[in-house]
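Novice: One structure coming up, written as structure tokens, with questions to follow.
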Amino acid sequence: MNIVKFQDFIELIKEGTTGSPAVVAECLGISERLVYYYVSVLKKEFKAPIAYCRKQQTYYFTEEGKIDLKWQNPKKQNEF
């Protein structure tokens, strides 16, 4: 899995601008099948409340929350 593209997909979901699975696949340069895999990972592994609106043709999170895929060192964060 390309983490950068996965993160880009998450950002598009947050913005509510994914478009249809075919559109977001083309936008990210991935297959439509991989879009469905990303959605599955978000639902199963991250327990993210994600849904698709057919009217607006976009994925969206049904609840507020945060997915953070970056390494964080708590010791370094407290240095500031």
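Read the figures in this text as sums done on the coordinates, not as results from a lab. What you see is a predicted model, and the numbers here were worked out from it, not measured in a lab. Every residue, glycine among them, receives a Cβ derived from its backbone with ideal geometry; neighbour counts consider all protein chains shown.
Novice: Pick out the one residue from V23, V39 that is in a helix (DSSP H, G or I), surrounded by 14 or more Cβ atoms within 10 Å (Cβ to Cβ), among the β-branched types (V, I, T) and over 12 Å from the mean Cα position of the chain (by Cα).
Specialist: On the way: V39 fails: over 12 Å from the mean Cα position of the chain (by Cα).
Only one candidate passes the filter, namely V23.
Novice: Just wondering, is there one or more residues in segment 61-73 that are surrounded by 12 or more Cβ atoms within 10 Å (Cβ to Cβ), in contact with a helix residue (DSSP H, G or I) (Cβ under 7 Å, 6 or more places away or on another chain), of a type outside the set (V, I, T) and under 14 Å from D8 (Cα atoms)? Walk me through how you get there before you give the answer.
Specialist: Our first condition is that a residue be surrounded by 12 or more Cβ atoms within 10 Å (Cβ to Cβ); within segment 61-73, this holds for 61, 67.
Pick out the ones that are also in contact with a helix residue (DSSP H, G or I) (Cβ under 7 Å, 6 or more places away or on another chain) and you get 61, 67.
From what is left, the residues that are of a type outside the set (V, I, T) are 61.
Then drop every residue that is not under 14 Å from D8 (Cα atoms), which leaves none.
No, there is no match, as no residue in segment 61-73 is surrounded by 12 or more Cβ atoms within 10 Å (Cβ to Cβ), in contact with a helix residue (DSSP H, G or I) (Cβ under 7 Å, 6 or more places away or on another chain), of a type outside the set (V, I, T) and under 14 Å from D8 (Cα atoms).
Novice: Name every residue in segment 42-80 that is of a type in the set (A, V, I, L, M, F, W, C), part of a strand (DSSP E or B) and in contact (Cβ under 8 Å) with a residue 24 or more places away in the chain, in order of residue number. Step through it out loud before you land on a result.
Specialist: First, pick out the residues of segment 42-80 that are of a type in the set (A, V, I, L, M, F, W, C): 42, 46, 48, 50-51, 53, 61, 67, 69, 71, 80.
Filter once more, keeping what is part of a strand (DSSP E or B): 50-51, 53, 61.
Within segment 42-80, I50, F61 meet the criteria.
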